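The values are calculated or read from the model by the stated rules, or taken from the named source; none is laboratory data. The structure presented is a predicted model; accordingly, all values stated were derived computationally and were not measured. As a convention, Cβ positions derive from the backbone with ideal geometry for all residues, glycine included, and neighbour counts pool all protein chains shown. Protein only, heavy atoms only, side chains kept; ligands, DNA and RNA dropped before computing areas. Shrake-Rupley method; radii C 1.70, N 1.55, O 1.52, S 1.80 Å.
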Amino acid sequence: MTLRRSKRDPEFPPYLYEAYRATVLRSPRQPPVTIPTTLSEVTGPGPALVGILPEDSDLTTNMGTGQPAMGERIIVTGRVLDEHGQGQPRTLVEIWQANAAGRYRHRKDQHNAPLDPNFLGYGRCLTDETGTYRFTTIRPGAYPWENHPNAWRPSHIHFSLFGPSWTSRLVTQMYFPGDPLQPLDPILNAIPTEAARQRLIARYDHTVTQPAWALGFRFDIVLRGPEATPFEEPEPIAAERR
Amino acid sequence: MKTVALALTPPQTIGPFFHGLVRARLNVLVSPQTLGDRIRIDGVVLDGKRDPVSDAMVEIWQANAAGRYRHPADTREVPLDPAFTGFGRAATDDEGRFWFETIRPGRVPFTGRIEQAPHINVMVFARGLLHHLCTRLYFPDDPLTEADPVLNLVPASRRGTLIAARVPSAAVPSYRFDIILQGEGETVFFEV
(Lines give C-alpha, C1' and ligand atoms only; values in the text may rest on other atoms or scores of the structure.)
Protein backbone atom coordinates (compact mmCIF):
# COMPACT_ATOMS: atom_id res chain seq x y z
CA MET A 1 0.00 0.00 0.00
CA THR A 2 1.37 3.38 -0.90
CA LEU A 3 1.16 6.41 1.28
CA ARG A 4 -0.27 9.35 -0.53
CA ARG A 5 0.07 12.90 0.59
CA SER A 6 -1.30 16.09 -0.70
CA LYS A 7 0.51 17.27 -3.74
CA ARG A 8 -0.13 20.74 -2.45
CA ASP A 9 2.40 20.39 0.28
CA PRO A 10 4.81 17.49 0.76
CA GLU A 11 4.99 18.30 4.47
CA PHE A 12 1.31 17.63 5.02
CA PRO A 13 0.31 14.24 6.43
CA PRO A 14 -0.94 11.60 4.00
CA TYR A 15 -4.57 10.57 4.14
CA LEU A 16 -3.54 6.97 4.83
CA TYR A 17 -1.14 6.57 7.74
CA GLU A 18 -1.61 3.09 9.07
CA ALA A 19 -0.03 3.72 12.46
CA TYR A 20 -3.01 5.98 13.08
CA ARG A 21 -5.59 3.24 12.77
CA ALA A 22 -8.63 5.35 12.08
CA THR A 23 -7.14 6.38 8.73
CA VAL A 24 -7.27 2.84 7.36
CA LEU A 25 -10.98 2.80 6.58
CA ARG A 26 -11.50 6.52 6.27
CA SER A 27 -8.80 7.67 3.86
CA PRO A 28 -9.92 8.10 0.26
CA ARG A 29 -8.17 5.76 -2.15
CA GLN A 30 -8.73 7.83 -5.27
CA PRO A 31 -6.47 10.81 -5.87
CA PRO A 32 -8.15 14.15 -5.33
CA VAL A 33 -9.20 15.99 -8.45
CA THR A 34 -7.42 19.29 -8.89
CA ILE A 35 -9.76 22.14 -9.68
CA PRO A 36 -9.08 25.78 -10.43
CA THR A 37 -9.75 28.44 -7.87
CA THR A 38 -13.09 29.89 -8.82
CA LEU A 39 -15.16 32.37 -6.88
CA SER A 40 -16.29 29.41 -4.78
CA GLU A 41 -12.74 28.85 -3.54
CA VAL A 42 -11.49 32.43 -3.16
CA THR A 43 -14.48 33.26 -1.00
CA GLY A 44 -15.15 31.62 2.33
CA PRO A 45 -17.22 31.98 5.43
CA GLY A 46 -14.57 33.61 7.60
CA PRO A 47 -15.59 37.23 7.01
CA ALA A 48 -19.26 36.27 7.41
CA LEU A 49 -18.79 34.85 10.89
CA VAL A 50 -19.35 37.20 13.79
CA GLY A 51 -20.91 37.15 17.21
CA ILE A 52 -17.87 36.46 19.36
CA LEU A 53 -17.95 37.71 22.92
CA PRO A 54 -14.78 38.65 24.82
CA GLU A 55 -15.54 36.05 27.49
CA ASP A 56 -15.49 33.29 24.85
CA SER A 57 -11.68 33.39 24.83
CA ASP A 58 -11.18 32.58 28.52
CA LEU A 59 -11.60 28.86 29.03
CA THR A 60 -10.79 29.16 32.72
CA THR A 61 -14.09 31.00 33.27
CA ASN A 62 -16.35 30.46 30.25
CA MET A 63 -18.15 27.55 31.87
CA GLY A 64 -19.97 30.34 33.67
CA THR A 65 -20.07 28.76 37.12
CA GLY A 66 -18.30 31.67 38.76
CA GLN A 67 -15.49 29.37 39.84
CA PRO A 68 -12.21 29.04 37.93
CA ALA A 69 -11.19 25.87 36.12
CA MET A 70 -8.69 23.64 37.86
CA GLY A 71 -5.18 23.16 36.61
CA GLU A 72 -2.14 25.05 35.42
CA ARG A 73 -3.37 28.34 33.97
CA ILE A 74 -1.77 29.26 30.64
CA ILE A 75 -2.00 31.98 28.02
CA VAL A 76 -1.82 30.81 24.42
CA THR A 77 -1.30 33.53 21.85
CA GLY A 78 0.14 33.96 18.40
CA ARG A 79 -0.42 35.39 14.96
CA VAL A 80 -2.38 33.96 12.10
CA LEU A 81 -0.42 34.66 8.92
CA ASP A 82 -0.72 33.90 5.26
CA GLU A 83 2.13 32.43 3.24
CA HIS A 84 3.54 35.90 2.62
CA GLY A 85 3.72 36.74 6.30
CA GLN A 86 0.70 39.03 6.31
CA GLY A 87 -1.32 38.96 9.52
CA GLN A 88 -4.88 37.77 8.95
CA PRO A 89 -7.32 40.02 10.81
CA ARG A 90 -10.81 38.96 11.87
CA THR A 91 -10.04 35.26 11.56
CA LEU A 92 -12.26 33.04 13.65
CA VAL A 93 -10.08 30.84 15.86
CA GLU A 94 -11.87 28.09 17.77
CA ILE A 95 -10.12 25.78 20.23
CA TRP A 96 -11.13 22.72 22.21
CA GLN A 97 -9.21 20.53 24.59
CA ALA A 98 -9.22 18.08 27.46
CA ASN A 99 -9.15 19.36 31.01
CA ALA A 100 -6.14 19.26 33.33
CA ALA A 101 -6.82 15.60 34.09
CA GLY A 102 -7.01 14.61 30.44
CA ARG A 103 -10.80 14.36 30.14
CA TYR A 104 -13.04 15.98 27.52
CA ARG A 105 -16.48 17.23 28.36
CA HIS A 106 -18.05 14.86 25.82
CA ARG A 107 -20.46 12.00 26.25
CA LYS A 108 -18.18 9.61 24.39
CA ASP A 109 -15.09 10.33 26.49
CA GLN A 110 -15.00 7.46 28.97
CA HIS A 111 -11.48 8.08 30.29
CA ASN A 112 -11.46 7.40 34.02
CA ALA A 113 -10.33 10.88 34.97
CA PRO A 114 -12.39 13.52 36.73
CA LEU A 115 -14.51 16.04 34.90
CA ASP A 116 -13.91 19.58 36.10
CA PRO A 117 -17.32 21.19 36.74
CA ASN A 118 -15.76 24.58 36.04
CA PHE A 119 -14.17 23.75 32.70
CA LEU A 120 -16.10 23.70 29.44
CA GLY A 121 -13.14 22.94 27.17
CA TYR A 122 -14.23 25.10 24.21
CA GLY A 123 -13.32 28.67 23.36
CA ARG A 124 -13.17 31.06 20.43
CA CYS A 125 -12.03 34.49 19.42
CA LEU A 126 -11.39 36.65 16.39
CA THR A 127 -7.89 37.79 15.53
CA ASP A 128 -7.22 41.51 15.86
CA GLU A 129 -6.02 43.81 13.09
CA THR A 130 -2.49 42.35 13.30
CA GLY A 131 -3.77 38.79 13.06
CA THR A 132 -3.15 38.10 16.75
CA TYR A 133 -5.34 35.76 18.77
CA ARG A 134 -5.16 35.14 22.50
CA PHE A 135 -6.69 32.58 24.83
CA THR A 136 -6.51 32.01 28.54
CA THR A 137 -6.96 28.35 29.40
CA ILE A 138 -5.47 25.53 31.44
CA ARG A 139 -2.78 23.14 30.33
CA PRO A 140 -4.55 19.98 29.10
CA GLY A 141 -3.57 16.60 30.45
CA ALA A 142 -2.40 13.61 28.44
CA TYR A 143 -4.97 10.84 28.04
CA PRO A 144 -5.06 7.23 26.87
CA TRP A 145 -6.68 6.15 23.62
CA GLU A 146 -7.19 2.81 21.96
CA ASN A 147 -5.02 3.19 18.90
CA HIS A 148 -2.31 0.76 20.05
CA PRO A 149 -1.08 -0.80 23.32
CA ASN A 150 -0.37 1.84 25.97
CA ALA A 151 -1.25 4.67 23.62
CA TRP A 152 -1.44 8.12 25.22
CA ARG A 153 -1.95 11.35 23.35
CA PRO A 154 0.54 14.07 24.18
CA SER A 155 -1.01 17.20 25.64
CA HIS A 156 -2.57 19.19 22.83
CA ILE A 157 -5.11 21.86 22.01
CA HIS A 158 -7.27 21.53 18.89
CA PHE A 159 -7.46 24.60 16.64
CA SER A 160 -9.96 25.47 13.93
CA LEU A 161 -9.35 28.50 11.70
CA PHE A 162 -11.24 29.95 8.77
CA GLY A 163 -8.82 32.45 7.26
CA PRO A 164 -9.86 34.62 4.35
CA SER A 165 -11.11 31.94 1.94
CA TRP A 166 -12.43 28.42 1.58
CA THR A 167 -8.92 27.27 0.65
CA SER A 168 -7.43 28.63 3.86
CA ARG A 169 -9.64 26.56 6.15
CA LEU A 170 -7.46 24.73 8.67
CA VAL A 171 -8.03 22.30 11.51
CA THR A 172 -4.90 21.42 13.43
CA GLN A 173 -3.48 20.83 16.90
CA MET A 174 -1.00 22.68 19.08
CA TYR A 175 1.45 20.67 21.18
CA PHE A 176 3.60 21.71 24.14
CA PRO A 177 7.40 21.89 24.16
CA GLY A 178 9.31 19.13 25.90
CA ASP A 179 6.50 16.57 25.98
CA PRO A 180 8.00 13.03 26.05
CA LEU A 181 4.88 11.56 24.45
CA GLN A 182 5.34 13.39 21.16
CA PRO A 183 7.79 10.92 19.52
CA LEU A 184 5.29 8.14 20.27
CA ASP A 185 2.21 9.84 18.85
CA PRO A 186 1.12 8.57 15.43
CA ILE A 187 -1.08 11.60 14.78
CA LEU A 188 1.79 14.05 15.20
CA ASN A 189 4.18 11.66 13.47
CA ALA A 190 1.95 11.43 10.42
CA ILE A 191 3.51 14.77 9.49
CA PRO A 192 6.42 13.59 7.37
CA THR A 193 9.21 15.97 8.37
CA GLU A 194 10.61 16.99 11.71
CA ALA A 195 10.61 20.62 10.60
CA ALA A 196 6.90 20.49 9.91
CA ARG A 197 6.17 18.67 13.17
CA GLN A 198 8.02 21.41 15.02
CA ARG A 199 5.63 23.94 13.52
CA LEU A 200 2.86 22.44 15.65
CA ILE A 201 4.81 22.73 18.90
CA ALA A 202 4.24 26.00 20.73
CA ARG A 203 7.15 27.88 22.26
CA TYR A 204 7.28 28.88 25.89
CA ASP A 205 7.40 32.68 25.85
CA HIS A 206 8.44 34.43 29.01
CA THR A 207 7.19 37.78 27.68
CA VAL A 208 3.69 36.29 27.45
CA THR A 209 3.91 34.78 30.92
CA GLN A 210 2.19 36.90 33.55
CA PRO A 211 3.70 37.16 37.04
CA ALA A 212 1.96 35.04 39.66
CA TRP A 213 -0.82 34.30 37.20
CA ALA A 214 -0.15 32.22 34.06
CA LEU A 215 2.58 30.69 31.91
CA GLY A 216 2.70 31.96 28.35
CA PHE A 217 2.98 30.03 25.08
CA ARG A 218 3.31 31.36 21.57
CA PHE A 219 1.90 29.48 18.59
CA ASP A 220 1.88 31.13 15.17
CA ILE A 221 -0.19 29.63 12.37
CA VAL A 222 0.41 30.00 8.64
CA LEU A 223 -2.58 29.54 6.35
CA ARG A 224 -2.67 28.84 2.67
CA GLY A 225 -3.79 31.68 0.44
CA PRO A 226 -6.51 31.26 -2.16
CA GLU A 227 -4.01 31.84 -4.96
CA ALA A 228 -1.89 28.88 -3.94
CA THR A 229 -3.60 26.14 -5.87
CA PRO A 230 -1.73 25.30 -9.05
CA PHE A 231 -3.91 24.28 -11.95
CA GLU A 232 -1.69 22.26 -14.19
CA GLU A 233 -3.99 19.75 -15.79
CA PRO A 234 -5.36 20.43 -19.25
CA GLU A 235 -8.94 21.53 -19.16
CA PRO A 236 -11.14 19.06 -20.99
CA ILE A 237 -13.64 21.72 -21.88
CA ALA A 238 -13.22 24.95 -23.76
CA ALA A 239 -13.11 27.06 -20.66
CA GLU A 240 -11.36 29.95 -22.34
CA ARG A 241 -13.38 30.24 -25.51
CA ARG A 242 -14.44 33.78 -26.06
CA MET B 1 5.43 32.26 -10.22
CA LYS B 2 4.58 32.93 -6.61
CA THR B 3 7.27 32.84 -3.95
CA VAL B 4 6.26 30.97 -0.84
CA ALA B 5 7.79 32.86 2.04
CA LEU B 6 6.48 30.88 4.98
CA ALA B 7 5.95 27.17 5.42
CA LEU B 8 2.34 26.22 6.01
CA THR B 9 1.04 24.92 9.30
CA PRO B 10 0.21 21.24 8.78
CA PRO B 11 -3.33 20.00 9.40
CA GLN B 12 -4.30 17.46 12.04
CA THR B 13 -7.43 15.45 12.69
CA ILE B 14 -10.41 17.16 14.27
CA GLY B 15 -10.67 14.16 16.60
CA PRO B 16 -13.91 12.73 17.99
CA PHE B 17 -14.58 15.40 20.63
CA PHE B 18 -15.28 18.52 18.59
CA HIS B 19 -18.99 18.71 19.30
CA GLY B 20 -18.81 21.96 21.25
CA LEU B 21 -18.08 23.61 17.89
CA VAL B 22 -21.46 22.58 16.56
CA ARG B 23 -23.78 25.00 18.24
CA ALA B 24 -27.50 24.72 17.95
CA ARG B 25 -29.00 25.35 14.52
CA LEU B 26 -25.71 25.94 12.73
CA ASN B 27 -27.09 23.49 10.17
CA VAL B 28 -30.10 25.73 9.52
CA LEU B 29 -28.91 28.49 7.22
CA VAL B 30 -32.30 30.10 6.70
CA SER B 31 -34.53 32.39 8.69
CA PRO B 32 -38.01 33.59 7.70
CA GLN B 33 -36.37 36.61 6.05
CA THR B 34 -33.96 34.64 3.86
CA LEU B 35 -34.61 35.04 0.14
CA GLY B 36 -34.82 32.06 -2.16
CA ASP B 37 -36.21 28.59 -2.55
CA ARG B 38 -35.96 26.47 0.57
CA ILE B 39 -34.24 23.12 0.24
CA ARG B 40 -33.23 20.39 2.63
CA ILE B 41 -30.14 18.24 2.32
CA ASP B 42 -29.85 14.87 4.03
CA GLY B 43 -26.87 12.60 3.92
CA VAL B 44 -24.78 10.05 5.65
CA VAL B 45 -21.00 9.73 5.94
CA LEU B 46 -19.74 6.17 5.42
CA ASP B 47 -16.30 4.59 5.71
CA GLY B 48 -14.60 1.93 3.62
CA LYS B 49 -16.71 -0.80 5.19
CA ARG B 50 -19.90 1.18 4.70
CA ASP B 51 -20.08 1.73 8.43
CA PRO B 52 -21.47 5.09 9.50
CA VAL B 53 -18.94 7.71 10.53
CA SER B 54 -20.56 8.96 13.70
CA ASP B 55 -17.90 11.53 14.55
CA ALA B 56 -17.75 13.61 11.38
CA MET B 57 -18.30 17.32 11.03
CA VAL B 58 -19.65 18.58 7.72
CA GLU B 59 -19.42 22.23 6.69
CA ILE B 60 -21.03 23.92 3.72
CA TRP B 61 -20.43 27.25 2.00
CA GLN B 62 -22.64 28.59 -0.74
CA ALA B 63 -23.81 31.62 -2.65
CA ASN B 64 -27.16 33.19 -1.90
CA ALA B 65 -30.23 32.75 -4.08
CA ALA B 66 -29.02 35.46 -6.43
CA GLY B 67 -25.61 33.84 -6.80
CA ARG B 68 -23.61 36.16 -4.55
CA TYR B 69 -21.16 35.04 -1.90
CA ARG B 70 -21.04 37.00 1.34
CA HIS B 71 -17.36 37.76 0.97
CA PRO B 72 -15.30 40.80 -0.05
CA ALA B 73 -13.78 38.89 -2.98
CA ASP B 74 -17.21 38.71 -4.60
CA THR B 75 -17.46 42.24 -5.96
CA ARG B 76 -20.13 41.66 -8.59
CA GLU B 77 -23.24 43.78 -8.87
CA VAL B 78 -25.42 41.06 -7.43
CA PRO B 79 -27.41 41.74 -4.27
CA LEU B 80 -26.37 40.42 -0.89
CA ASP B 81 -29.08 38.95 1.29
CA PRO B 82 -28.73 40.33 4.82
CA ALA B 83 -30.52 37.24 6.10
CA PHE B 84 -28.07 34.72 4.64
CA THR B 85 -24.39 34.08 5.44
CA GLY B 86 -23.99 30.95 3.31
CA PHE B 87 -22.17 28.95 5.98
CA GLY B 88 -23.44 25.84 7.72
CA ARG B 89 -21.99 23.25 10.04
CA ALA B 90 -23.37 19.90 11.18
CA ALA B 91 -22.15 16.93 13.17
CA THR B 92 -23.10 13.41 12.16
CA ASP B 93 -25.19 11.38 14.58
CA ASP B 94 -24.71 7.78 15.68
CA GLU B 95 -25.96 6.58 12.28
CA GLY B 96 -23.58 8.91 10.44
CA ARG B 97 -26.41 11.21 9.37
CA PHE B 98 -26.28 14.96 8.84
CA TRP B 99 -28.75 17.47 7.43
CA PHE B 100 -29.00 21.10 6.42
CA GLU B 101 -31.86 23.46 5.74
CA THR B 102 -30.80 26.12 3.28
CA ILE B 103 -31.75 27.73 -0.01
CA ARG B 104 -30.96 26.73 -3.56
CA PRO B 105 -27.89 28.78 -4.50
CA GLY B 106 -27.73 30.90 -7.62
CA ARG B 107 -25.14 30.70 -10.37
CA VAL B 108 -21.61 31.96 -9.85
CA PRO B 109 -19.02 32.57 -12.57
CA PHE B 110 -16.20 30.29 -13.69
CA THR B 111 -13.97 32.11 -16.17
CA GLY B 112 -14.88 34.52 -18.88
CA ARG B 113 -18.58 34.36 -19.53
CA ILE B 114 -18.92 30.78 -18.43
CA GLU B 115 -21.05 30.16 -15.39
CA GLN B 116 -20.82 27.36 -12.90
CA ALA B 117 -23.87 25.31 -12.17
CA PRO B 118 -25.45 26.02 -8.80
CA HIS B 119 -23.48 24.07 -6.24
CA ILE B 120 -22.71 23.88 -2.57
CA ASN B 121 -19.13 23.60 -1.36
CA VAL B 122 -18.72 20.84 1.22
CA MET B 123 -15.94 19.99 3.66
CA VAL B 124 -15.69 16.86 5.76
CA PHE B 125 -13.72 16.57 8.99
CA ALA B 126 -13.49 13.45 11.15
CA ARG B 127 -11.34 11.34 13.37
CA GLY B 128 -9.00 9.56 11.01
CA LEU B 129 -8.90 12.42 8.51
CA LEU B 130 -5.51 14.03 8.91
CA HIS B 131 -6.60 16.65 6.41
CA HIS B 132 -10.20 17.62 5.78
CA LEU B 133 -11.82 16.61 2.52
CA CYS B 134 -13.35 19.05 0.03
CA THR B 135 -16.16 18.17 -2.31
CA ARG B 136 -19.18 19.77 -3.98
CA LEU B 137 -22.88 19.09 -4.14
CA TYR B 138 -24.61 19.64 -7.49
CA PHE B 139 -28.32 19.54 -8.23
CA PRO B 140 -29.73 16.83 -10.51
CA ASP B 141 -32.58 19.04 -11.69
CA ASP B 142 -30.55 22.06 -12.78
CA PRO B 143 -30.06 22.59 -16.51
CA LEU B 144 -26.46 23.77 -16.01
CA THR B 145 -25.24 20.80 -13.99
CA GLU B 146 -24.32 18.59 -16.91
CA ALA B 147 -22.13 21.28 -18.49
CA ASP B 148 -20.53 22.52 -15.30
CA PRO B 149 -16.83 23.19 -16.00
CA VAL B 150 -15.66 21.90 -12.61
CA LEU B 151 -17.85 18.80 -12.68
CA ASN B 152 -16.45 18.09 -16.13
CA LEU B 153 -12.94 17.85 -14.70
CA VAL B 154 -14.12 14.68 -12.95
CA PRO B 155 -14.04 11.33 -14.77
CA ALA B 156 -17.55 10.73 -16.10
CA SER B 157 -17.91 7.49 -14.19
CA ARG B 158 -17.44 9.29 -10.88
CA ARG B 159 -19.46 12.46 -11.49
CA GLY B 160 -22.54 10.94 -10.01
CA THR B 161 -21.01 11.03 -6.53
CA LEU B 162 -21.24 14.83 -6.67
CA ILE B 163 -24.85 15.05 -7.85
CA ALA B 164 -27.37 14.86 -5.06
CA ALA B 165 -30.48 12.72 -5.52
CA ARG B 166 -33.88 14.42 -5.44
CA VAL B 167 -36.01 12.90 -2.70
CA PRO B 168 -39.50 12.49 -4.05
CA SER B 169 -42.64 13.61 -2.26
CA ALA B 170 -41.00 15.77 0.37
CA ALA B 171 -42.79 18.92 1.52
CA VAL B 172 -39.68 21.03 0.90
CA PRO B 173 -37.50 20.12 -2.08
CA SER B 174 -35.11 17.63 -0.55
CA TYR B 175 -31.87 16.16 -1.74
CA ARG B 176 -29.90 13.15 -0.63
CA PHE B 177 -26.11 13.58 -0.61
CA ASP B 178 -24.14 10.70 0.87
CA ILE B 179 -20.41 11.02 1.41
CA ILE B 180 -18.44 7.80 0.98
CA LEU B 181 -14.91 8.25 2.24
CA GLN B 182 -13.38 5.15 0.67
CA GLY B 183 -13.99 2.28 -1.71
CA GLU B 184 -16.72 1.59 -4.22
CA GLY B 185 -18.70 4.70 -4.95
CA GLU B 186 -16.07 6.80 -3.21
CA THR B 187 -17.03 10.45 -3.29
CA VAL B 188 -14.86 12.63 -5.48
CA PHE B 189 -12.76 14.93 -3.36
CA PHE B 190 -11.07 18.03 -4.68
CA GLU B 191 -7.65 19.52 -4.32
CA VAL B 192 -8.59 23.16 -3.99
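Could you check the spin-label model distance between A:T130 and B:A7? Points 7 Å from the Cα along Cα→Cβ, value in nm.
The modelled label-to-label distance comes out at 2.5 nm.
For A:K108 and A:T34 in one chain, what is 0.36 nm times their gap in residues minus the Cα-Cα distance, to one decimal in nm?
23.0 nm
Once you charge only the Cβ atoms, +1 for Lys and Arg and -1 for Asp and Glu, what is the size of the charge dipole of the stretch B:38-192 about its Cα centre, to the nearest 20 debye?
340 debye
Of B:S54, A:Q88, A:Q210, which is farthest along the charge dipole of the protein assembly as shown in the positive direction, counting Lys and Arg as +1 and Asp and Glu as -1 at C-beta?
Ranked along the dipole, the leading option is B:S54.
How large is log10 I(q)/I(0) at q = 0.13 Å⁻¹ when the Debye formula is applied to the Cα atoms of chain A, each weighted equally and without solvent?
Rounded to two decimals, the profile gives -0.90.
Length gain on complete extension for the stretch A:D56 to A:W213, per 0.36 nm per residue less the alpha carbon to alpha carbon distance?
Contour length minus the Cα-Cα distance gives 54.6 nm.
What FRET efficiency comes out for B:E184 versus A:A19 if R0 is 30 angstrom and r is the Cβ-Cβ distance? Round to the nearest 0.05. Walk me through the numbers before you get to the answer.
Working: r = 26 Å, r/R0 = 0.86.
Here the calculated transfer efficiency is 0.70.
Stokes-Einstein D for the stretch B:1-128 at 25 °C, 0.890 mPa s, Kirkwood Rh over Cα pairs, in µm²/s?
For these conditions, the coefficient is 149 µm²/s.
Using the alpha-carbon centroid of each, what span in Å lies between the stretch A:68-124 and the stretch B:146-175?
Using only Cα atoms, the two centres lie 38 Å from each other.
Go ahead and set up a Gaussian network model of chain A, Cα springs under 10 Å, then flag whichever of A:T60, A:T193, A:T127 fluctuates most.
A:T193
Give the relative contact order (percent, whole number) for the stretch A:1-142; include only Cα pairs under 8 Å separated by 6+ residues. Mind showing how you got there, number by number?
Numbers: 238 pairs, mean separation 37.9, N = 142.
Once divided by the residue count of the stretch A:1-142, the mean separation gives 27 percent.
P(r) for the stretch A:39-140, please, calculated from all Cα pair distances in 5 Å bins and given in %.
Once binned at 5 Å, the Cα pair distances of the stretch A:39-140 give 2, 13, 20, 20, 15, 13, 9, 5, 2, 0.
How far apart, in nm, are the 7 Å Cα→Cβ label points at A:L115 and A:T193?
4.4 nm
Using a simple charge model, +1 on the beta-carbon of Lys and Arg, -1 on the beta-carbon of Asp and Glu, nothing else, what dipole does chain A show about its Cα centre, in debye to the nearest 20?
500 debye
Quick one: compute the contact order of chain B, relative version, from alpha carbon pairs under 8 angstrom and 6+ residues apart, as a percent.
26 percent
Please give, to one decimal in nm, the separation of the simple spin-label points placed at A:L181 and B:L26, each 7 Å out from Cα toward the Cβ.
2.5 nm
Give the accessible area for A:Y204 in Å² (nearest 10); use a 1.4 Å probe, count only protein heavy atoms, and leave out ligands, DNA and RNA.
Surface accessible to solvent at A:Y204 totals approximately 100 Å².
Radius of gyration and Dmax for the stretch B:85-192's Cα atoms, expressed in Å?
Answer for the stretch B:85-192, Rg first and Dmax second: 14.3, 45 Å.
Sequence gap at least 6, Cα distance under 8 Å: using those rules, report the relative contact order of the stretch A:54-118 to the nearest whole percent.
31 percent
How much length would be gained if the chain were fully extended between B:R158 and B:K49, taking 0.36 nm per residue of separation minus their Cα-Cα distance, in nm to one decimal? Don't jump to the answer; show the numbers that get you there.
Details: separation 109, 0.36 × 109 = 39.24 nm, distance 1.90 nm.
Value of the extension gain: 37.3 nm.
I need the calculated FRET efficiency for the pair A:E72 and B:R113, taking r as the beta carbon distance and R₀ as 41 Å, to the nearest 0.05.
In this case the efficiency is close to 0.10.
Just the number, please: Stokes-Einstein D of the protein assembly as shown in µm²/s, Kirkwood Rh from C-alpha pairs, 4 °C, 1.567 mPa s.
58 µm²/s
Considering the options B:V192, B:A5, A:N62, tell which one lies farthest towards the positive end of the dipole of the protein assembly as shown, charges being +1 on Lys and Arg and -1 on Asp and Glu at the Cβ, about the Cα centre.
It is A:N62.
Take B:R166, project a point 7 Å from its Cα along the Cβ direction, then tell me which residues of the stretch B:110-152 have their backbone nitrogen under 12 Å from it.
Zone members listed by number: B:139-143.
With +1 on each Lys and Arg Cβ and -1 on each Asp and Glu Cβ, and nothing else charged, work out how big the dipole of the stretch B:131-192 is about its Cα centre, in Debye to the nearest 20.
My answer is approximately 100 debye.
When the gyration tensor of the stretch B:67-113 is built from Cα positions, what are the square roots of 5 times its three eigenvalues, in whole Å, from largest to smallest?
28, 13, 9
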